[in-house]
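Colleague: One structure follows; several queries about it will come next.
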Amino acid sequence: MSNFTFKGGLVLENPFPAKEIDLIRIPLPDRVVLPMQQRIGDQAKPCVSVGDHVLTGQVIATIDDDRCAPVHASISGTVVAIDNQVMAHQSGLEALCVTIESDGEDEWMDNSVACTENYDFCTPDTIYNKIRLSGIVGMGGAGFPTHTKVQFAEGCHTLIVNATECEPGIMCDDALMQAYPTKVIRGVEVLLHICGAEKAIIAIEDDKKESIELLRKFCKNERITIEAIPTKYTSGAEKILVKSLLGIEIPSGGYASDVGVLCQNVGTLVAIFDAVVENRPLISRVVTITGSAIKEPKNLQVRLGASYDYVLSFADIEQGENDIRMAGMMMGVDLEGTNYSISKNTNCIFVNKPIEKPSAQECIRCGMCNTVCPVELLPQQLYWYSKSSNIEKALDYNLLDCIECGCCSHVCPSNIPLVDYYQFAKALNKQQTKEKEQTDNARERFEFREFRLERNKQERAEMMEAKKKALKEKMAKDKAQKIAIAAAQERVNAAKTAKESEDAR
Ligand code: SF4
Ligand code: SF4
């Protein structure tokens, strides 16, 4: 058993283990549908038009700011549509996508800003820009633009490479490490070069023995260590990983960068290597296909934008109505059908035989949920306050620190969908905060208007007073002037009379 353990969590076995962790490169799809929206961040803006011919690796959507990443053509061919398509998300909402029909050539764009093997002669800024222009986002599922995350962590002391797989059943990181151990190490070296961290730790769950062995064999860099951590869900959650590896607690509401740590998923490191050294933007990823309806789970190297149906056609699926789930068993989302495409953060597709979900019962206050929470929250209390919409109390119990891992729901003997309640409470809190902001803004606007009216009134009164004073002064001046003129006139008249008298004599 390895060190680096943590309180709570669950030891969950992979319910669908594969015989081999191979990485299978599937043929190019005939058509790709590329979403402009990653999971987190803003939407990229298409810079191509319907009818344009594009090359593999060509930028088809650009970014205005750093809250999103550019999108590249994942095949060469013709842009046939730029329209809204349904996203693989529980909301069922649509988002803007660019559809390309393949010309079958896979002709690559020459993306000229290369760093090549000699990346250590490139300035960190050049490499940072290369990552930015290559459209790399967090490949672990969050989809946050990597260049922005690296920028936030400027001056960090440690780089942690999360190679733990988010959840049991997902094998894409393991497959990637076994296929490209040197790329992983080189990717870490590239990131060490630009983020300035003194050391890097690659954290791998201790059941991935081959990956651990391979990385240790190929790693010759003394600044990089490979650590085996317990195969225990949720060892891969950022806060837990930082605490168990370094003993550093990320404060409530904070991020790893707040404590001088940069965390990156192992897939992201390979994408960084491909971009910086091989000059290839992010146009493909590894996707695990697994589930109770899949005869043999597989890890497929897939071009982004390929349809779920195309990808699933490479798996041996049991006939009948099956349920589709994206990402993990614990934190993933159930989808309606398969009418979606692979995006930068699609790490796994589950195809499961339908099962009847047991109905929820009353809470029996057994406290089991409290013992498994990896963030050391009190899920039972959170449940009561979320259920009664007492958001203030739920916030007192650190609702916002809940990582929605589902450990509590998993062990609940009453089958209460606890995470659903927390998601509801978080949404309600968001709405209330927004409403409060709107009310505060309206009050501020009203108060400012009142202040402005009062100020105008005062200014007008002061102006009138000043006018009155000026008029008074003018009148006094005019009067004085008239008196002076009259006096002068009198003097002239007197002088004239005196002269006339003198002349008469
Ligand atoms: S595990 Fe379920 S039944 Fe037990 S205390 Fe928690 S919510 Fe209640
Ligand atoms: S879902 Fe939230 S409350 Fe439940 S165990 Fe995970 S972190 Fe704790």
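The values are calculated or read from the model by the stated rules, or taken from the named source; none is laboratory data. Note that the coordinates shown come from a computational prediction; the quantities given were computed from them, not determined experimentally. Cβ atoms come from the backbone with ideal geometry, glycine included; neighbour counts cover every protein chain shown. For the accessible areas, the whole protein counts, side chains as well, though only heavy atoms, and no ligand, DNA or RNA atoms are used. Shrake-Rupley method; radii C 1.70, N 1.55, O 1.52, S 1.80 Å.
Colleague: Exactly one condition in (1) within 30 Å of Ala163 (Cβ to Cβ); (2) modelled with pLDDT of 90 or more; (3) not β-branched (Val, Ile, Thr) is false for Asp103; which is it?
Modeller: (1)
Colleague: crowded, with 20+ Cβ neighbours inside 10 Å and in contact with a Ser or Thr (Cβ under 9 Å, 6 or more places away or on another chain): is that true of Ser235 in this structure?
Modeller: The answer is yes for Ser235.
Colleague: Also, I was wondering about something else. In this structure, does Thr346 turn out to be of a type in the set (S, T, N, Q) and either open to solvent by 10 Å² or more (accessible area, probe 1.4 Å) or assigned to a strand (DSSP E or B) (or both)?
Modeller: It is false that Thr346 is of a type in the set (S, T, N, Q) and either open to solvent by 10 Å² or more (accessible area, probe 1.4 Å) or assigned to a strand (DSSP E or B) (or both).
Colleague: For residues that are of a type outside the set (A, V, I, L, M, F, W, C) and surrounded by fewer than 22 Cβ atoms within 10 Å (Cβ to Cβ), tally how many sit in the range 285-312.
Modeller: Total satisfying the criteria: 7.
Colleague: Out of the range 363-412, which residues are in a loop (DSSP other than H, G, I, E, B), open to solvent by 30 Å² or more (accessible area, probe 1.4 Å) and either aromatic (Phe, Trp, Tyr) or more than 8 Å from ligand 1 (Cβ to nearest atom) (or both)?
Modeller: Listed by number, the residues that qualify are Val375, Glu376, Leu378, Ser388, Ser389, Asn390, Tyr397, Asn398, Ile403, Glu404.
Colleague: Can we say Asn129 is surrounded by fewer than 20 Cβ atoms within 10 Å (Cβ to Cβ) and in contact (Cβ under 8 Å) with a residue 12 or more places away in the chain?
Modeller: Yes.
Colleague: While we're here: Inspect all residues belonging to the range 424-441 and state whether any of them is surrounded by 11 or more Cβ atoms within 10 Å (Cβ to Cβ) and of a type in the set (Asp, Glu).
Modeller: Within the range 424-441, none of the residues are surrounded by 11 or more Cβ atoms within 10 Å (Cβ to Cβ) and of a type in the set (Asp, Glu).
This table checks each residue for (1) closer than 25 Å to Leu10 by Cα; (2) of a type outside the set (A, V, I, L, M).
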position	(1), (2)
Leu382	yes, no
Ser388	no, yes
Leu399	yes, no
Gly406	yes, yes
Asn415	yes, yes
Ala425	yes, no
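Colleague: So which of Gly104, Gly155, Gly135, Gly140 is open to solvent by 30 Å² or more (accessible area, probe 1.4 Å), part of a loop (DSSP other than H, G, I, E, B) and in the same structural domain as Gly254 (by TED's automatic domain parsing)?
Modeller: Gly155
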